[in-house]
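Reading through the structure tokens given below for one structure.
The values are calculated or read from the model by the stated rules, or taken from the named source; none is laboratory data. On a predicted model such as this, the values are computed, not experimentally measured, just so you know. Every residue, glycine among them, receives a Cβ derived from its backbone with ideal geometry; neighbour counts consider all protein chains shown.
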Amino acid sequence: MMYLTQIIQQFETHEQIQNLDLNNQEHLDKLQLLSDKIYNDANLTEEIDTLETEMLKDASNYSLIAHTAVKIAKSKRILAQIEQNIHISVVIALYNEDLIKINDTKNDAFEFIFREKIKQMNDLTFGLDRVTWDMIIVDDCSSENYKKKSEQIITKHNQSGNTEYLQLKEAVKQNYEPHKNLNESESRGKGSAVKFGMWYAAQKQMKNHYIIYTDADLTIHLGQCGLLIDKIVNEGKNVAIASRREPESVIIKTGKRKIAERLFIYMWKRMLKRLNYIVDTQCGLKAFKSEIINDLISVNIEEKSAFEIELLLKADILNRNSIAKVPIAWINNSENIEPEKEFYLEMLKSTAQMYHKYLPANAVSHKFAYFIKNLNENDWNVLTEHVPEGIQIKSPIHYDIYSEITVDDFKHILESN
């Protein structure tokens, strides 16, 4: 393992890049260079595991680019050691993604992101004869100008012919699953676009087929896909989700997270106790066995922001504890605006519906679900401004067992303010 450490030390002495920016082409190129060096010099995944463990013990002495490169190298080494042929479908939902602000202003945002995602998958699978992949872009009712622009960009960079561009509006019009009997609208929601892409990918009916959903930005390097596939292929899980809240996760977030997010996590955990072993439901990288997709996307409640919670709940109902949490590198250098506080209330109301539809009655869960069902925006604003100290000081990873704040406590806050 010492030789791997020396590779990193030599790289960092020469490059001296401390603040990794996944929207910066120079940083991306150097990240790939380092991960390739680690991958090529490590003979076994276990060697990279040991390297990662040692680096995390002294994390501050290694740059973000080094921590992320190790995860990408480990991901590829895992795929290289899988003995059967596998196919990965990457699903991405779009809605006027040209509005995304990235630091590399010389490039159109969508073209930069799309080109980089293809490159990341090509780099990940290069030299791996048993691993193939395709990409499915689902446009959630973007403008006509944007549609034409997107098609032109995809045609330009789709040299391998393994990327498809689909319109969600057309899926609704054609009455395709999972959108039968739905009326056309301006936007069905992100969840609807993702689920259509997953359904479309699953129709390939390939053996050892894994469908990955990811966000239409560059906060997560797709070179880490192998970390998720590992849990499904080698540990027998049905689903693997990237998590930003594991001890081995590498996280950089510009700006301060709102306390509303903690309140949201605490409350949904009171309703969906079945998912208490999961903390990060919203991280935009999730992998699924292709054969369970139809069971997950049929007759769903949620088409918008809480769709991921519903997918995970249905996956766990299908097979208890079948979801693996995977520590990843998540780097957000953008100045994107944090969700409005009401965004979390909308998700909680959908989660309350999920509790009633999917789970047996439970006194605590029922009380929380009923309470949330009757909250209005003003109530929610009051609660987010007076979040109990216990929720503020406890890490969300402990909310599965920390449940001292009751509905009555929240009612008292509303009555006092």
| remark: Per the filter on the stretch 54-78, residues surrounded by fewer than 24 Cβ atoms within 10 Å (Cβ to Cβ), under 17 Å from D230 (Cβ atoms) and either among the hydrophobic types (A, V, I, L, M, F, W, C) or modelled with pLDDT under 95 (or both) are I78
| field | Leading residue by the ranking (nearest to the chain's Cα centre (by Cα)) among those in the stretch 381-391 that are in contact (Cβ under 8 Å) with a residue 60 or more places away in the chain and under 13 Å from Y344 (Cα atoms) | value | T384
| said: Could you tell me how many of the residues in the stretch 349-407 are buried (at least 18 other Cβ atoms within 10 Å of the Cβ), touching a His at 6+ places or on another chain (Cβ under 9 Å) and not small (G, A, S)? | reply: 1
| request: Determine whether I8 is hydrophobic (A, V, I, L, M, F, W, C), buried (at least 17 other Cβ atoms within 10 Å of the Cβ) and farther than 27 Å from F114 by Cβ. | output: yes
| query | surrounded by fewer than 17 Cβ atoms within 10 Å (Cβ to Cβ) and more than 29 Å from F114 (Cβ to Cβ) - does that describe any residue in the stretch 207-219? | reply | no
| Out of all the residues in the stretch 53-67, is one or more among the aliphatic types (A, V, I, L, M) and assigned to a loop (DSSP other than H, G, I, E, B)? | no
| query | Is there a residue in the stretch 37-46 that is among the small types (G, A, S) and under 25 Å from the mean Cα position of the chain (by Cα)? | reply | no
| task | Could you check the stretch 265-381 for strands (runs of 3 or more DSSP E) lying wholly inside it with 3 or more residues that are within 19 Å of I92 (Cα to Cα) and modelled with pLDDT of 95 or more? | result | 285-289
